[in-house]
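Following: one structure in structure tokens, then a few remarks.
The values are calculated or read from the model by the stated rules, or taken from the named source; none is laboratory data. This one's a predicted model, so the numbers in the text were calculated from it and none came from an experiment. Cβ atoms come from the backbone with ideal geometry, glycine included; neighbour counts cover every protein chain shown.
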Amino acid sequence: MQFFLKPESGAEVLFLVWDSRGQPVYRVVGEFNPFGCRCFLRDEEKKNAARMTGVYLPFSFRCSISAGGRRLRMTVKPSAPHRAVQFKGVCWRFRGSILTRSFDIVEELDTRGKGRRRTQVVMTHGRCWNKRADCYALEIPRAADVPLAVCVAAAIDSAVLSGCAAPVPAE
């Protein structure tokens, strides 16, 4: 499934999310203060699909994301040369460039007794320009991963857009 994530500069709306047909499907809304954030991924009926809470630390943003009974924790370090994004609670791994926002999130799968692991793509993220102007294209193969993956993309993009560790609306 393909989505487009566009930073917004509204008072509460941080990102708008459209599907491949150009229909709005989610919005990332939130509150920020100097110590942390509390954000929600809301569908078009204004129901919360996911929740993200975070804390800003020097040179990093740490957050917890929950959706549909699933939960993960992640750390975003925009200036780190290696392992700029780390996950806990899921077997996900960041692969790509945080600065260019061209990356994948992959899941490490155990092949049970074969002595090796294989990976499965959870989300592909990249910059694009379309009728919505500058935005980010997200490809998320499994519907069950959509709320968590959209929140992960929003957290990473917010950390990079702000030029520091604190997510802020784009200007």
Does D145 satisfy being within 26 Å of D43 (Cα to Cα), among the acidic types (D, E), at pLDDT 95 or above and not in a strand (DSSP E or B)?
-> yes
Please go through the stretch 14-40 and pick out each residue that is at pLDDT 90 or above, in a strand (DSSP E or B), within 24 Å of W129 (Cβ to Cβ) and not basic (K, R).
-> F15, L16, V17, W18, D19, P24, V25, Y26, V28
Taking K47 as the residue in question, decide whether it is exposed (fewer than 14 other Cβ atoms within 10 Å of the Cβ), over 20 Å from V106 (Cα atoms) and at pLDDT 95 or above.
-> yes
